[in-house]
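Structure first, then comments.
The values are calculated or read from the model by the stated rules, or taken from the named source; none is laboratory data. Please read these numbers as outputs of a predicted model, since none were measured by experiment. Every residue, glycine as well, gets a Cβ built from its backbone with ideal geometry; the counts of neighbours run over all protein chains shown.
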Amino acid sequence: MTESAPILRLTDGVRFASGRNLYSVAPLRCFAGQWVAFVPSGEDPVTDPSGALARTLVTLSPPERGTVELFELDGYHIAYRDVQRLRSRLGFVQGFGGLLSNRTIRENVALPAAVHGKIQLAEEQQLVSDAMKVFKLETVQDLHPHLVDGYTRWRACLARALILTPKLVVLEGIGDWEMDKGQGIAWKRLLGYHQRGDNLICVCASRRNEGFQSWFVENGGTLVEYTDKTGTPSFIPKFEGA
């Protein structure tokens, strides 16, 4: 991948299914240093499509139509070994879920380092300890997910997603934003990560949220609308067409 190559490229009018509904995203290219929020156009969807879109972007659920390229690779037409290598460069935040119930918060956060890190145990442990401190999870690190609140679980999901400093981070939903309007630990850390300038962050929103959208744009973000297949996908012009 060259320095000027897009981290994410959607072509051919990517469509993804959520329940019985089919949604479409216009062609686009996104580069390091950007962050984008995908928001549904029009009225709020009957079913939450954010998870389906997020999984389509991180090679977990193939699109109904179109091509999803990550780091110039078609994520759904490469060998399994290459997919695993690709995923080591991704961070995925699964809303308030996605933590393994039989592992502690610390063990959950450590998973990407243990599976993809290819580093010595001492370095792995230091990475995890740093993440516990940065996301203020030290006091709950030995607890299992069901013993902490949703706010804490979301912070743990974000800490896990960022532990290997991925070049692409995809979020399912906006997590705890409505609780603290972007002033809490998690969103401040995510904003700081974006400001590094060497990564792309994609937020897949389940519905329109004017407060979040205003905050996001004020902090350098760009909005891209997705819609059902009967409508016309809206492409926000800050991004370069594919």
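With respect to the numbered conditions (1) without any contact (Cβ under 8 Å) to a residue 12 or more places away in the chain; (2) closer than 20 Å to SER206 by Cα; (3) charged (D, E, K, R), which one is the sole condition not fulfilled by ASP74?
Going through (1) without any contact (Cβ under 8 Å) to a residue 12 or more places away in the chain; (2) closer than 20 Å to SER206 by Cα; (3) charged (D, E, K, R) one by one, ASP74 breaks only (2).
Taking the range 70-90, which residues are out of contact with any His (no Cβ under 8 Å at 6 or more places or on another chain), assigned to a loop (DSSP other than H, G, I, E, B) and of a type outside the set (A, V, I, L, M, F, W, C)?
Passing the criteria: GLU72, GLY75, TYR76, HIS77, ARG89.
Within the range 35-48, identify whether any single residue is modelled with pLDDT under 95 and among the aromatic types (Phe, Trp, Tyr), and answer yes or no.
no
Being buried (at least 21 other Cβ atoms within 10 Å of the Cβ) and not in a helix (DSSP H, G or I) is the filter here; which residues of the range 145-172 pass it?
Within the range 145-172, ILE163, PRO166, LEU168, VAL169, VAL170, LEU171, GLU172 meet the criteria.
Can ASP180 be described as within 30 Å of GLU210 (Cα to Cα), out of contact with any Phe, Trp or Tyr (no Cβ under 6 Å at 6 or more places or on another chain) and without any contact (Cβ under 8 Å) to a residue 12 or more places away in the chain? Steps first, please.
Working: within 30 Å of GLU210 (Cα to Cα): yes; out of contact with any Phe, Trp or Tyr (no Cβ under 6 Å at 6 or more places or on another chain): yes; without any contact (Cβ under 8 Å) to a residue 12 or more places away in the chain: yes.
Criteria met by ASP180.
So, ILE185, is that one hydrophobic (A, V, I, L, M, F, W, C), at pLDDT below 95 and touching an Asp or Glu at 6+ places or on another chain (Cβ under 8 Å) or not?
no
Of all residues in the range 211-229, which are surrounded by fewer than 17 Cβ atoms within 10 Å (Cβ to Cβ) and at pLDDT below 95?
LYS229, the sole residue that qualifies.
Would you check if ALA131 is within 24 Å of ALA205 (Cβ to Cβ), at pLDDT 95 or above and part of a helix (DSSP H, G or I)?
It is false that ALA131 is within 24 Å of ALA205 (Cβ to Cβ), at pLDDT 95 or above and part of a helix (DSSP H, G or I).
Here is a yes/no grid of residues against (1) over 17 Å from ILE185 (Cβ atoms); (2) in contact (Cβ under 8 Å) with a residue 12 or more places away in the chain; (3) exposed (fewer than 14 other Cβ atoms within 10 Å of the Cβ); (4) of a type in the set (Phe, Trp, Tyr):
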{"site": "GLY51", "(1), (2), (3), (4)": "yes, yes, no, no"}
{"site": "VAL93", "(1), (2), (3), (4)": "no, yes, no, no"}
{"site": "SER101", "(1), (2), (3), (4)": "yes, yes, yes, no"}
{"site": "ALA113", "(1), (2), (3), (4)": "yes, yes, no, no"}
{"site": "ALA122", "(1), (2), (3), (4)": "yes, no, yes, no"}
{"site": "MET132", "(1), (2), (3), (4)": "no, yes, no, no"}
{"site": "LEU137", "(1), (2), (3), (4)": "no, yes, no, no"}
{"site": "ASP142", "(1), (2), (3), (4)": "yes, yes, yes, no"}
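For every residue, the table says whether it meets (1) of a type outside the set (A, V, I, L, M, F, W, C); (2) in contact with a helix residue (DSSP H, G or I) (Cβ under 9 Å, 6 or more places away or on another chain); (3) within 17 Å of VAL36 (Cα to Cα).
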residue: ALA159; (1), (2), (3): no, yes, no
residue: LEU168; (1), (2), (3): no, yes, yes
residue: MET179; (1), (2), (3): no, yes, no
residue: GLN183; (1), (2), (3): yes, no, no
residue: LEU191; (1), (2), (3): no, no, yes
residue: HIS194; (1), (2), (3): yes, no, yes
residue: ASN199; (1), (2), (3): yes, yes, yes
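Strands (runs of 3 or more DSSP E) wholly in the range 1-45 with at least 3 residues that are touching a Pro at 6+ places or on another chain (Cβ under 7 Å) and either more than 19 Å from VAL93 (Cα to Cα) or without any contact (Cβ under 8 Å) to a residue 40 or more places away in the chain (or both) - which ones? Steps first, answer last, please.
Numbers: elements: 8-18, 21-25, 28-30, 35-40.
Those strands (runs of 3 or more DSSP E) span 8-18, 21-25.
Only residues that are within 19 Å of LEU90 (Cα to Cα), assigned to a loop (DSSP other than H, G, I, E, B) and touching a residue at least 60 places away in the same chain (Cβ under 8 Å): list them for the range 187-219, please.
The answer is GLY197, ASP198, ASN199, ALA205.
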